[in-house]
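A.B. asks: Let me give you the structure first, and then I'll get to my questions.
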Amino acid sequence: MLIKKPSDVLSSEITSKSVYLARREFLRAAGITTAATLAGITGAFDAVQNVQAAGEKLVTKFKIVTTDDRISPLKDISTYNNYYEFGSEKSDPAKNAGGFKIAPWSVAVEGLCNKPGTYTLEDILKPHPLEERVYRMRCVEAWSMVIPWDGFPLRDLLNRFEPQGTAKFVEFTTVWRPTEMPGQKVTFPKPILPWPYREGLRMDEAMHPLTIIAVGMWGETLMNQNGAPLRLVVPWKYGFKGIKSIVKIRFVDKQPSTTWVEAYPGYYGFYANVNPTVDHPQWTQSRERRLGDLRERPTLMFNGYGDAVASMYDGFDLKKNF
Ligand SMILES: Nc1nc2c(c(=O)[nH]1)N[C@H]1C(S)=C(S)[C@@H](COP(=O)(O)O)O[C@H]1N2
Ligand SMILES: [Mo]
């Protein structure tokens, strides 16, 4: 069984939950050394020492755990990032995203739907009860992580805009704001990526219950480096599909052009399903290392979510459509 109900509490989940609670304790203690309370949870302790607690607390209605694997340290998932608008080094987003303004925020909804318009973040959040979802994620560059995201199914949001039958794909766009995003100011010898960052999903992928809009992680609103105020999370695909800081959602009838495919066709495909049998030209995709636990492990087809998603690709050549 892939998706576990909140009542099916795993032992690994108990561990992560207590780590999480201990972190809260620690935040409350605000700098007071409580080594005894924190014994055995050094990972979390390190994490809080090094990461600012900028987020607002989030209340989640229920919890879905999709992996028994241990949650990655918060320090790693908030300081080892890809967010090229803030620079191309893994450490750049945490360093450079501090001044990025995420309020006010709105999302333009366009294209083949009955309710296009501009929706504020508050509009978007209001009717959606948040869930905590523990997902295994995989970046294209052979590293993975396990993250407790807070969010809601993308399909609940898309359905509100009443997509039309002719809508076959959804295109997402990140904000263009070079004054706050130093990576977007780079022009020599050429821009880091063709901006603004764009991604897309086929309609059935977008409507799949595993696909979520995340607005937080670890029970707090997202840090800027992780894509505040809202980003996509698609756990069976490579990390670059998880577009951050979304400002536009567009329903279209044809497969949209996307940033990485435009920049490096042949290296990155539109589908980007995690697939250990299709390598990136510069590295193997058959093995990976987990942030915070650097042992090599085999990469799983669809990142381990095949039971839930493989049927969407029946009769589809996953080597050609990589
Ligand atoms: N707007 C935007 N979204 C982005 C990226 C980016 O550079 N810009 N990088 C992608 C890549 S390559 C990865 S692996 C994930 C990393 O997400 P994380 O930093 O939260 O782990 O974000 C994706 N979303
Ligand atoms: Mo990535």
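The values are calculated or read from the model by the stated rules, or taken from the named source; none is laboratory data. Note that the structure is a prediction, hence the values are computed from the model and not measured. Every residue, glycine as well, gets a Cβ built from its backbone with ideal geometry; the counts of neighbours run over all protein chains shown. With ligands, DNA and RNA removed, areas are computed over all heavy atoms of the protein, side chains included. Shrake-Rupley method; radii C 1.70, N 1.55, O 1.52, S 1.80 Å.
A.B. asks: How many residues, within segment 233-246, are more than 8 Å from ligand 1 (Cβ to nearest atom) and buried (at least 24 other Cβ atoms within 10 Å of the Cβ)?
C.D. replies: 4
A.B. asks: Continuing with this model, one more query. Which of the residues belonging to segment 293-316 are open to solvent by 80 Å² or more (accessible area, probe 1.4 Å), farther than 13 Å from Thr67 by Cβ and not in a helix (DSSP H, G or I)?
C.D. replies: Leu294, Arg295, Glu296, Pro298, Asp314, Gly315
A.B. asks: Okay, next question. Considering segment 247-259 alone, what residues qualify as being within 12 Å of ligand 1 (Cβ to nearest atom) and either surrounded by 22 or more Cβ atoms within 10 Å (Cβ to Cβ) or in a loop (DSSP other than H, G, I, E, B) (or both)?
C.D. replies: Scanning segment 247-259 gives a single hit, Thr258.
A.B. asks: Next question, about the same structure. Restricting to segment 179-201, name every residue that is open to solvent by 30 Å² or more (accessible area, probe 1.4 Å) and in contact (Cβ under 8 Å) with a residue 12 or more places away in the chain.
C.D. replies: If the condition is that a residue be open to solvent by 30 Å² or more (accessible area, probe 1.4 Å) and in contact (Cβ under 8 Å) with a residue 12 or more places away in the chain, then Glu180, Pro182, Ile192, Pro194, Trp195, Pro196, Arg198 are the ones that fit.
A.B. asks: If you scan segment 202-219, which residues turn out to be within 20 Å of Arg133 (Cβ to Cβ), more than 16 Å from ligand 2 (Cβ to nearest atom) and either open to solvent by 10 Å² or more (accessible area, probe 1.4 Å) or among the aliphatic types (A, V, I, L, M) (or both)?
C.D. replies: Asp204, Ala206, Met207, His208, Pro209, Leu210, Ile212, Ile213, Val215, Met217, Trp218
A.B. asks: Look through Gly151, Gly165 and report the one residue that is under 21 Å from Trp236 (Cβ atoms) and among the small types (Gly, Ala, Ser).
C.D. replies: Within the list Gly151, Gly165, the selection yields Gly151.
A.B. asks: Exactly one condition in (1) out of contact with any Asp or Glu (no Cβ under 6 Å at 6 or more places or on another chain); (2) within 16 Å of ligand 1 (Cβ to nearest atom); (3) open to solvent by 10 Å² or more (accessible area, probe 1.4 Å) is not met by Leu154; state its number.
C.D. replies: (3)
A.B. asks: What strands (runs of 3 or more DSSP E), lying completely within segment 47-139, carry at least 1 residues that are under 17 Å from the mean Cα position of the chain (by Cα) and in contact (Cβ under 8 Å) with a residue 60 or more places away in the chain?
C.D. replies: Of the strands (runs of 3 or more DSSP E) lying wholly inside segment 47-139, those with at least 1 residues that are under 17 Å from the mean Cα position of the chain (by Cα) and in contact (Cβ under 8 Å) with a residue 60 or more places away in the chain span 62-65, 131-138.
A.B. asks: What is the residue count in segment 223-232 for residues that are aliphatic (A, V, I, L, M) and open to solvent by 10 Å² or more (accessible area, probe 1.4 Å)?
C.D. replies: Going through segment 223-232 one residue at a time, the tally reaches 1.
A.B. asks: Another one. Go through (1) out of contact with any strand residue (DSSP E or B) (no Cβ under 8 Å at 6 or more places or on another chain); (2) open to solvent by 30 Å² or more (accessible area, probe 1.4 Å); (3) touching a residue at least 12 places away in the same chain (Cβ under 8 Å) for Gln285 and report which single condition fails.
C.D. replies: (2)
A.B. asks: Out of the residues in segment 62-90 that are open to solvent by 20 Å² or more (accessible area, probe 1.4 Å) and over 21 Å from Arg136 (Cα atoms), state the one that is farthest from ligand 2 (Cβ to nearest atom).
C.D. replies: Restricting to residues being open to solvent by 20 Å² or more (accessible area, probe 1.4 Å) and over 21 Å from Arg136 (Cα atoms), the top hit is Glu89.
A.B. asks: Then there's this: Does Val278 satisfy being among the aliphatic types (A, V, I, L, M) and closer than 30 Å to Ala108 by Cβ?
C.D. replies: So Val278 fails the test.
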